[in-house]
Amino acid sequence: MKIDLTETTASKINKALVQGRRAIGTPAVGMVLTLVIVTDEENAYDSLKAANDASREHPSRTIVVIKRHSRSPRDRAKARLDAEVRVGADAGTGETIVLRLYGEAINHAQSVVLPLLLPDAPVVVWWPVNAPVDPAKDPLGSFAQRRVTDTYATEQPIRELTERAKTYTPGDTDLSWTRITPWRSMLAAALDQAPCRVTAVEVEGEEFNPSCELLAMWLADRLDVPVKRTLSAGPGLTAVRMETDGGPITLDRADGGLATLSMRGQPDRSVALKRRDTSELLAEELRRLDPDDTYASALKFGVERLTEPADAETVVPPEPADAPGPVRAAAAGPVEPQQPEKEQSPAQGQSQGQGNGKKGGSSSKKAATK
């Protein structure tokens with residue numbers, strides 16, 4: 001059931017929710033949390049679809065906040081709120097409220113959302129795109145127990161990780177971190193099966209993928225070993241190679257669906273490591289609403305501390321032609337000393353110049369060669 005409200009208020013939206021529940025015959029409220037999605041019109045459909053799929057595991061009241069920026073100065077000065085209330089089959093297993101804010105209402109989104117929160121229920125705020133630099137200080141993120149962002153959706157993911165580390169507050173999390181949960185579980189299980197000491201690690205993945213950096217920082221923080229980040233064509237994270245005193249351990253996923261775990265003394269095993277949808281990632285984040293200390297430790301390790309790939313062999317630049325003589329001599333290497341030539345008397349020169357023509361020609365060539 002859908003109820004459209006134009007130029008409405010928060011009280012009218014609450015009345016529409018009660019009316020919708022009575023119309024479908026479910027007056028009781030069985031929601032476990034309130035999920036607030038802050039997005040734009042372009043990404044609203046995909047975000048809401050992912051939230052509805054995740055609500056099958058976590059029945060919740062979903063509030064979608066869409067900020068519509070007006071073009072004319074007259075419309076920007078006027079505050080307006082349009083809402084769409086969905087209950088029943090149109091809202092998954094929970095309730096959905098789509099809010100479209102215009103004008104001055106954009107700067108006071110927290111005043112519109114606050115009356116619509118479920119009482120005595122935790123609040124989770126999710127920014128699919130355009131997340132604030134400090135989510136905890138955002139007006140909507142200030143009253144949330146968990147704040148979910150996605151560094152992969154930013155223009156410069158690696159720089160964004162550095163900014164997230166500076167402004168981290170307990171309760172912050174990232175879907176780029178959630179994407180590597182199966183990788184972390186598999187690598188930890190591999191080390192449990194073969195107790196050994198890890199000496200070096202290499203993480204391979206596509207460029208501009210923050211999940212690769214987060215996995216590398218997690219390994220470097222936990223194992224206290226140098227971790228090298230290398231690039232590949234993808235998709236996503238492709239391989240992790242660990243050098244140990246008991247032999248190499250390799251987890252390779254070339255196609256984005258099935259991975260191969262290789263260990264010394266054991267046959268290669270196929271492992272399911274498919275790339276998960278956004279709804280699965282969101283459902284995983286909603287299972288635990290307490291601060292993620294492991295994510296905080298890996299994030300604060302720092303991207304700049306990762307070992308860069310080894311460069312090619314160093315090439316010595318050519319010496320400029322106008323360089324001093326000693327500099328060119330030092331660059332060319334040691335030079336054998338030349339023996340001084342013996343002076344010849346005029347008689348000896350005349351005697352050498354006489355004789356057969358062929359011998360004279362050959363001796364002159366030898367002299368020129370000397």
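The values are calculated or read from the model by the stated rules, or taken from the named source; none is laboratory data. Every value quoted in this text rests on a predicted model; they were computed, and no experiment measured them. A quick note on method: Cβ atoms are made from the backbone with ideal geometry, for glycine too, and the neighbour counts reach across all protein chains shown. What goes into the accessible areas is simple: the full protein's heavy atoms, side chains included, and nothing from ligands, DNA or RNA. Shrake-Rupley method; radii C 1.70, N 1.55, O 1.52, S 1.80 Å.
Here are the numbers for the structure shown:
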| item | result |
| --- | --- |
| Tally of residues being in a strand (DSSP E or B) and of a type in the set (Gly, Ala, Ser) across segment 246-272 | 4 |
| Count of segment 45-67 residues which are under 24 Å from residue 103 (Cα atoms), open to solvent by 10 Å² or more (accessible area, probe 1.4 Å) and outside any strand (DSSP E or B) | 2 |
| Any pair with Cβ under 9 angstrom, 6 or more apart, that starts in segment 35-59 at a residue that is in contact (Cβ under 8 Å) with a residue 60 or more places away in the chain and under 18 Å from residue 116 (Cα atoms) and ends at one that is assigned to a strand (DSSP E or B) and open to solvent by 40 Å² or more (accessible area, probe 1.4 Å) | 38/67; 39/67 |
| Residue, surrounded by the fewest Cβ atoms within 10 Å (Cβ to Cβ), within segment 216-233, restricted to residues that are over 16 Å from residue 160 (Cβ atoms), among the hydrophobic types (A, V, I, L, M, F, W, C) and touching a helix residue (DSSP H, G or I) at 6+ places or on another chain (Cβ under 8 Å) | 225 |
| Considering residues of segment 141-180 that are part of a loop (DSSP other than H, G, I, E, B) and hydroxyl-bearing (Ser, Thr, Tyr) only, the residue modelled with the lowest pLDDT | 154 |
| Restricting segment 78-98 to residues that are open to solvent by 70 Å² or more (accessible area, probe 1.4 Å) and outside any loop (DSSP other than H, G, I, E, B), the residue that is modelled with the lowest pLDDT | 89 |
| Filtered residues of segment 210-233 (kept if out of contact with any Leu (no Cβ under 7 Å at 6 or more places or on another chain), outside any helix (DSSP H, G or I) and more than 21 Å from residue 268 (Cβ to Cβ)) | 224, 225, 226, 228, 230, 231, 233 |
| Residue match in segment 263-279 (condition: surrounded by 13 or more Cβ atoms within 10 Å (Cβ to Cβ) and in contact with a Ser or Thr (Cβ under 6 Å, 6 or more places away or on another chain)) | no |
| Matching residues, segment 280-304, being modelled with pLDDT under 90, surrounded by 13 or more Cβ atoms within 10 Å (Cβ to Cβ) and not aliphatic (A, V, I, L, M) | 302 |
| Filter result for residue 257 (over 18 Å from residue 184 (Cβ atoms), open to solvent by less than 20 Å² (accessible area, probe 1.4 Å) and modelled with pLDDT under 90) | no |
| Residue in segment 234-244 that is surrounded by fewer than 17 Cβ atoms within 10 Å (Cβ to Cβ), in contact with an Asp or Glu (Cβ under 6 Å, 6 or more places away or on another chain) and assigned to a strand (DSSP E or B) present | no |
| Qualifying residue in segment 181-203 (condition: touching a residue at least 40 places away in the same chain (Cβ under 8 Å), under 27 Å from residue 125 (Cα atoms), not in a helix (DSSP H, G or I) and not charged (D, E, K, R)) | no |
| Any hit, segment 7-14, residues being assigned to a loop (DSSP other than H, G, I, E, B) and of a type in the set (Asp, Glu) | yes |
| Residue check, residue 125 part of a strand (DSSP E or B), within 24 Å of residue 256 (Cβ to Cβ) and open to solvent by less than 40 Å² (accessible area, probe 1.4 Å) | no |
| Unmet requirement for residue 198, which otherwise passes all of (1) modelled with pLDDT under 90; (2) aliphatic (A, V, I, L, M); (3) closer than 25 Å to residue 293 by Cβ | (1) |
| Residue tally, condition farther than 19 Å from residue 167 by Cβ and touching a residue at least 12 places away in the same chain (Cβ under 8 Å), over segment 111-127 | 10 |
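Residue by residue, here is whether (1) more than 20 Å from the chain's Cα centre (by Cα); (2) open to solvent by less than 30 Å² (accessible area, probe 1.4 Å) holds:
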| site | (1), (2) |
| --- | --- |
| 112 | yes, yes |
| 136 | yes, yes |
| 154 | no, no |
| 187 | no, yes |
| 196 | yes, no |
| 201 | no, yes |
